[in-house]
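The values are calculated or read from the model by the stated rules, or taken from the named source; none is laboratory data. What you see is a predicted model; the values in this text were computed from it and never measured. Cβ placement follows ideal geometry from the backbone for every residue including glycine, while neighbour counts extend to all protein chains displayed. Only protein heavy atoms, including side chains, enter the accessible area calculation; ligands, DNA and RNA are left aside. Shrake-Rupley method; radii C 1.70, N 1.55, O 1.52, S 1.80 Å.
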Amino acid sequence: MLVVKHARVATMTGAQALAGDEPLGLIEDGAVACSEGRIVYVGTAAGAPAGEVIDAGGALLTPGFVDAHTHLVFAGDRAQEHALRLSGVSYLEIARRGGGIRSTVRATRAASDAELLDGAVSRLRRMLDCGVTTAEVKTGYGLSGAEELRMLRIALQAGAASGCEVIPTLLGLHAVPEEASREEWLATAVELLPEAVRLGARGCDAFCEQGAFTQAECTTFLRRGLELGLTAHLHADQLSDSGGAALAASLGCASADHLERASSEGLAAMARAGTAAVLLPLAAWFLRDTPAKAQAFLEAGVTVALASNLNPGSQRIESVSMLLAAGCLFCGLTPAQALWACTAGGARVLRLSDRGVLAAGKRADLVLFDTSDPAHLPYHAGVEHARMVIAAGKTVLVREKACS
């Protein structure tokens, strides 16, 4: 049995909307004990069971981070597109010139399985170094039946090879392939769903936006995914108020993601349906857009998660400390709310009831930091503060000193 003692244990059992450190559910001079991949004790150090002891020395201990929105299986590099955007060229204009998603599709299709796997494993290991123990990974850069299923297989292989568990999602409606009509691709995406489930997909997703897919097209795809038992998500209201938030709520989606331009009516619908908001402030920053503000969601009673949106075109930052800082500085979360959003919030979005909080019976995903102060993590951004990462009870990272 592994026992981490004398830690400031952030159980994440408080309510997200509370003030101060209340969302963290802190236990001072606390301990967490793990056995066979599960947590068996959470409480005071004085009451901890015997075992192999790690003395935290008062440092902060949290659940592993859950990144609920990534696109990390891809090939190619779009740094020059980023430079074009910085010079004033719009995302849509870059796409019209042959860039954007389709440039990644071409590179991804041309890459070997080994090349895609190597890239995905490298990204997941860097995320694991930050304390991410679970990552949702979307397809969407294959844009053919065979390529989308290949991405699913590689995502699962990357999770097994990296030590960071992957929750694969079929993003069937990301863009229309150049060689197919909208109607043909919608039919193909729907037909892919049963095989995606067989291969291990856990979720389905669609991009509801002008220039992407309509509400009717997204509804057709997501309803079939829900019928097959997949957890549904929706890219919603990123570039315009397209009614995506309300659509996600009406379909029973676990989350609506992006939401930079969601309406108050959409927020209210999400609150009634229990649909969570996944805010992606690093992507908005990368695109020099205005991020969604968390307070409106919290006041409406909507669960807020923070996720990286790691992808080759509009967000290439893997740092969790930068994500926490962006969640605070751009979205308006407090440090405690941001930490909750990256742990308990992410787990709720993925409907993973076995993680995201520290409690007996939960999966033993733990992160021990160099600091005792939760507010230090978004304050000292750009470096990673994880001293030790434990995933499913196994120690996967140890640093003598992360930073100071």
Legend entry - Residue in the stretch 28-36 that is assigned to a strand (DSSP E or B), buried (at least 17 other Cβ atoms within 10 Å of the Cβ), touching a Lys or Arg at 6+ places or on another chain (Cβ under 8 Å) and among the small types (G, A, S) present: yes
Legend entry - Residue count for the stretch 78-91, restricted to those that are over 25 Å from the mean Cα position of the chain (by Cα) and either part of a loop (DSSP other than H, G, I, E, B) or aliphatic (A, V, I, L, M) (or both): 7
Inset, instruction - Of the numbered conditions (1) open to solvent by 30 Å² or more (accessible area, probe 1.4 Å); (2) in contact with a helix residue (DSSP H, G or I) (Cβ under 8 Å, 6 or more places away or on another chain), Q210 fails exactly one; give the number of that condition. - result: (2)
Legend entry - Members of the stretch 193-207 found to be touching a residue at least 40 places away in the same chain (Cβ under 8 Å), touching a helix residue (DSSP H, G or I) at 6+ places or on another chain (Cβ under 9 Å) and either open to solvent by less than 20 Å² (accessible area, probe 1.4 Å) or of a type in the set (D, E, K, R) (or both), listed by number: E195, A196, A201, G203, D205
Inset, instruction - Check A135, A146 and return the single one that is surrounded by fewer than 22 Cβ atoms within 10 Å (Cβ to Cβ), of a type in the set (A, V, I, L, M, F, W, C) and not in a loop (DSSP other than H, G, I, E, B). - result: A146
Legend entry - Extreme residue, nearest to L222 (Cα to Cα), among residues of the stretch 247-286 that are in a loop (DSSP other than H, G, I, E, B) and open to solvent by 10 Å² or more (accessible area, probe 1.4 Å): G252
Legend entry - Residue check for V302: open to solvent by less than 10 Å² (accessible area, probe 1.4 Å), touching a strand residue (DSSP E or B) at 6+ places or on another chain (Cβ under 6 Å) and in a loop (DSSP other than H, G, I, E, B): yes
Legend entry - Single residue of S112, S122 found to be surrounded by fewer than 23 Cβ atoms within 10 Å (Cβ to Cβ), closer than 24 Å to W285 by Cβ and polar (S, T, N, Q): S122
Legend entry - Condition broken by R106, with the remaining ones in (1) under 30 Å from A254 (Cα atoms); (2) touching a residue at least 12 places away in the same chain (Cβ under 8 Å); (3) part of a helix (DSSP H, G or I) satisfied: (1)
Inset, instruction - Kindly indicate whether any position in the stretch 54-65 is out of contact with any Asp or Glu (no Cβ under 8 Å at 6 or more places or on another chain) and within 22 Å of H258 (Cα to Cα). - result: yes
Inset, instruction - Would you be able to tell me the number of residues in the stretch 44-77 that are under 21 Å from Q16 (Cα atoms) and in a strand (DSSP E or B)? - result: 7
Inset, instruction - From K401, K394, grab the single residue that is among the charged types (D, E, K, R) and touching a residue at least 40 places away in the same chain (Cβ under 8 Å). - result: K394
Legend entry - Verdict on T44 being open to solvent by 30 Å² or more (accessible area, probe 1.4 Å), within 30 Å of W340 (Cβ to Cβ), of a type in the set (S, T, N, Q) and over 26 Å from the mean Cα position of the chain (by Cα): yes
Legend entry - Positions within the stretch 242-280 being out of contact with any Pro (no Cβ under 9 Å at 6 or more places or on another chain), touching a residue at least 60 places away in the same chain (Cβ under 8 Å) and not β-branched (V, I, T), in sequence order: A254, S255, D257, A276
Legend entry - the stretch 74-105, residues that are modelled with pLDDT of 90 or more and surrounded by 16 or more Cβ atoms within 10 Å (Cβ to Cβ): F74, A75, G76, R78, S103, T104, V105
Legend entry - the stretch 363-404: number of residues that are open to solvent by 50 Å² or more (accessible area, probe 1.4 Å) and either assigned to a strand (DSSP E or B) or within 14 Å of T343 (Cβ to Cβ) (or both): 5
Inset, instruction - Within the stretch 169-188, track down each residue that is part of a strand (DSSP E or B) and either of a type in the set (A, V, I, L, M, F, W, C) or surrounded by fewer than 24 Cβ atoms within 10 Å (Cβ to Cβ) (or both). - result: L170, L171, L173
Inset, instruction - Check whether at least one residue in the stretch 264-276 is touching a His at 6+ places or on another chain (Cβ under 9 Å) and within 25 Å of L333 (Cβ to Cβ), and report yes or no. - result: no
